[in-house]
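Structure first, then comments.
The values are calculated or read from the model by the stated rules, or taken from the named source; none is laboratory data. All figures in this text were calculated on a predicted structure; none of them were measured in a lab. A quick note on method: Cβ atoms are made from the backbone with ideal geometry, for glycine too, and the neighbour counts reach across all protein chains shown.
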Amino acid sequence: MSGLEGLYQEIILDQAKRRNGEGELPDATSQHHELNPSCGDELTMRIRLDPAHERIEDLAWEGDGCSISMASASVLAEAVRGMRVADALALTESFREMLRSKGRGEPDVEVLGDAVAFHGVSKYVMRVKCAMLAWVALEAAIAKAPPAG
Amino acid sequence: MLPHAHETVGGRPVTDIRRDFPAFDAPAERAYLDSAATSQRPRRVLDAERDYLEHHLAAVHRGTSAAVGESTSRFEEARDDVARFVGAGDRELVWAENATDALNIVALGMADASAGLGGHEATRFALGPGDEIVITEAEHHANLIPWQRLAARTGARLVPVRVDERGVWSLDAMADAITDRTRVVAFAEVSNVTGFIAPVAEVAELAHRRNALVVLDACQSVPHRQVDFGAQGVDFAAFSGHKMLGPNGIGALFGRAELLDALPPARTGGSTITVVTLESAEFLPSPHRFEAGTQPVSQVVALAEAVRYLDEIGMTAVAEHEQAFAERVLDGLAAVPGVRVLGPSRGEARAGLVSVAVDGVHAHDIGQFLDDAGVDVRTGHHCAQPLHRALGITSSTRASSHVYTSLDEADRFVAALMDARRFFGVAEEVSV
């Protein structure tokens, strides 16, 4: 696989068009706007937690950016909707670790699911931030959620 | 992938010119189309810097030895050469780190004057509530943020001249913005995004009729076309060495001598002064009042060599060559659907750069594809966020040229853009 096809795997180009989870979430528990100042990509992540704040009942995002950042947001939405908060944060950490790998190693498909498609991005230092944009926004939105109850 | 043999700049074939640049020693596998960001340097410019460091290094303007005298002469002769190149007179060229730094010297000096520093002569630079600073929506952040800060410090108001759907502002819009309240008019001679060439002399006349100061961001004009700040009637102008075949870390501020002599030096220290007591200091006239601390002498010497190199080719020839590059790109793109060219329309004057937005594909994805295809361009907002916002986009892809750029490279840019559209699935399937 050439560098470019490794970076832009079919699943990424496809997800960038599908944009799963894009839209509004009127009854959001919290939200966070994340900007990548070097390229102008931006994304607002909104999440709705269950009453105990243990589970992400629903989430939605609005944003504008390159295919890597948009595909990543789409994959995130599919993966994280309905997930326990702790698991979502753990997944985010695994995703970040994969992106820091500089292309080394084999990502764990059991843990990451479709998100393994972004392993190729880790070889392109300038693009890692694109792939992380939605995930960083998710972490911040979770951190901003008011205490449960 | 060699330049066409018949392509010449000022009588010299491009193939020949490229041999002056070590960056092109290797076969031309990559097309370097990012000269508006930073230009490649001729061997003789690199040699001039090294020669100074190896054979002439001494403390400029400090001490009395013969070596100091010789080094100081080189430093000041370099200033004369660069000054002549831009139409600056005696004492009208101040060394700065780059154009950004040069623009800050003016804005921060005016902030000092507004705070009461600089005595009676500096009151002409003092701003306050009721005063206005006119800028354009197309400005590079370097010619925007210093004025925002000056406005915030002084209570003056920032007045933007809006751009049209192409990203271009008009002389009419500029004329409307300039009033009796205007104290400063700051704009770029050549837009780093659209390639628009501003009517500098006309704006200067409008501004001077209202006694406003004209500050020119000449970063994209000095390296690519003939300028004459004196004749154009500008009061201050800024440019960078690394965009004009010279070194990093050196740029210059042009200013009319009487203005520079009155503008308070925002950065102070050694070698800017006449008399210093424990309580206060008096400053030298221009240019040395602004050149605090040890100066980047080897860079200055090399910048003068870059200016001599450009002069030998001739700036009119350089501008014509680069305009041919832009026209070649525009001609090629005319046949490509879904590509929005920013800036002046075809047939109108434009500098040798072309920025595009590709429908349905983000500039960073385009840039990644072009990188893979061996074409080096700039992607992003090019430090002009307000301009991109006005155009309804967050980023664009820019191909820019210099004296060593060939038409073949323009063709490679266009071809790679077409391939990128296919790769990202936005090209219409056309049967051939």
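Can you find, within the range A:3-22, the residue that is surrounded by the fewest Cβ atoms within 10 Å (Cβ to Cβ) among those that are within 11 Å of another protein chain (Cβ to nearest Cβ) and not hydrophobic (A, V, I, L, M, F, W, C)?
Ranking the candidates gives A:E10 first.
So is B:A204 under 30 Å from B:R181 (Cα atoms), part of a loop (DSSP other than H, G, I, E, B) and more than 14 Å from the chain's Cα centre (by Cα) or not?
Criteria not met by B:A204.
Please specify each residue of the range B:255-276 satisfying the condition of being polar (S, T, N, Q) and either in contact with a Leu (Cβ under 9 Å, 6 or more places away or on another chain) or at pLDDT 95 or above (or both).
Passing the criteria: B:S271, B:T272, B:T274.
In the range B:45-72, how many residues are under 25 Å from B:S240 (Cβ atoms) and part of a helix (DSSP H, G or I)?
Residues flagged as under 25 Å from B:S240 (Cβ atoms) and part of a helix (DSSP H, G or I) within the range B:45-72 amount to 12.
For the range B:277-381, list the helices (runs of 4 or more DSSP H) that sit wholly inside it and hold at least 2 residues that are without any contact (Cβ under 8 Å) to a residue 60 or more places away in the chain, among the charged types (D, E, K, R) and surrounded by fewer than 23 Cβ atoms within 10 Å (Cβ to Cβ); which are they?
Here the list reads B:315-333, B:363-372.
Scanning for something in a helix (DSSP H, G or I) and under 30 Å from B:G11 (Cα atoms), does the range B:399-408 turn up at least one residue?
Yes; the residues of the range B:399-408 include at least one that is in a helix (DSSP H, G or I) and under 30 Å from B:G11 (Cα atoms).
Scan (1) more than 9 Å from every other protein chain (Cβ to nearest Cβ); (2) touching a Gly at 6+ places or on another chain (Cβ under 6 Å); (3) surrounded by fewer than 23 Cβ atoms within 10 Å (Cβ to Cβ) for the single condition B:T394 breaks and write down its number.
Among (1) more than 9 Å from every other protein chain (Cβ to nearest Cβ); (2) touching a Gly at 6+ places or on another chain (Cβ under 6 Å); (3) surrounded by fewer than 23 Cβ atoms within 10 Å (Cβ to Cβ), the lone unmet condition for B:T394 is (1).
Out of the residues in the range B:25-57 that are of a type in the set (A, V, I, L, M, F, W, C) and farther than 24 Å from B:S355 by Cα, which is modelled with the lowest pLDDT?
B:A26
Of all residues being touching a Gly at 6+ places or on another chain (Cβ under 6 Å) and surrounded by fewer than 22 Cβ atoms within 10 Å (Cβ to Cβ) in the range B:248-269, which is farthest from B:T123 (Cα to Cα)? Just the residue, please.
Of everything passing the filter in the range B:248-269, B:G269 is farthest from B:T123 (Cα to Cα).
Could you grab the pairs with beta carbons closer than 7 Å, sequence gap of 6+ or different chains, first residue in the range A:107-135 and over 20 Å from A:E5 (Cα atoms) and within 14 Å of chain B (Cβ to nearest Cβ), second one part of a helix (DSSP H, G or I) and not hydrophobic (A, V, I, L, M, F, W, C)?
Listed by first residue and then by second, the contacts come to A:L133/A:S69; A:L133/A:S72.
Scanning the range A:23-43 for residues that are among the hydroxyl-bearing types (S, T, Y) and either within 14 Å of chain B (Cβ to nearest Cβ) or crowded, with 19+ Cβ neighbours inside 10 Å (or both), which turns out farthest from A:A143 (Cα to Cα)?
Only one residue tops the list, namely A:S38.
Within the range B:103-120, is even one residue within 29 Å of B:T394 (Cβ to Cβ), within 16 Å of the chain's Cα centre (by Cα) and touching a residue at least 24 places away in the same chain (Cβ under 8 Å)?
Yes, the conditions are met somewhere in the range B:103-120.
Here is a list: B:L342, B:L333, B:L370. Which entry is in contact with a Leu (Cβ under 8 Å, 6 or more places away or on another chain) and more than 25 Å from B:I197 (Cα to Cα)?
Going through B:L342, B:L333, B:L370 in turn, just one is in contact with a Leu (Cβ under 8 Å, 6 or more places away or on another chain) and more than 25 Å from B:I197 (Cα to Cα): B:L370.
Looking at the range B:236-276, which of the residues that are hydroxyl-bearing (S, T, Y) and outside any strand (DSSP E or B) is farthest from B:E49 (Cα to Cα)?
Taking the candidates together, the pick is B:T268.
Quick one: count up the residues across the range A:94-132 that are touching an Asp or Glu at 6+ places or on another chain (Cβ under 9 Å) and of a type in the set (D, E, K, R).
Counting residues in the range A:94-132 that are touching an Asp or Glu at 6+ places or on another chain (Cβ under 9 Å) and of a type in the set (D, E, K, R) gives 2.
Does the range B:60-75 contain any residue that is under 16 Å from B:L216 (Cα atoms) and modelled with pLDDT of 95 or more?
Scanning the range B:60-75 turns up no residue that is under 16 Å from B:L216 (Cα atoms) and modelled with pLDDT of 95 or more.
Looking at (1) closer than 25 Å to B:S240 by Cα; (2) free of Cβ contacts under 8 Å to residues at least 12 places away in the same chain; (3) acidic (D, E), which is the only condition B:D16 fails?
(1)
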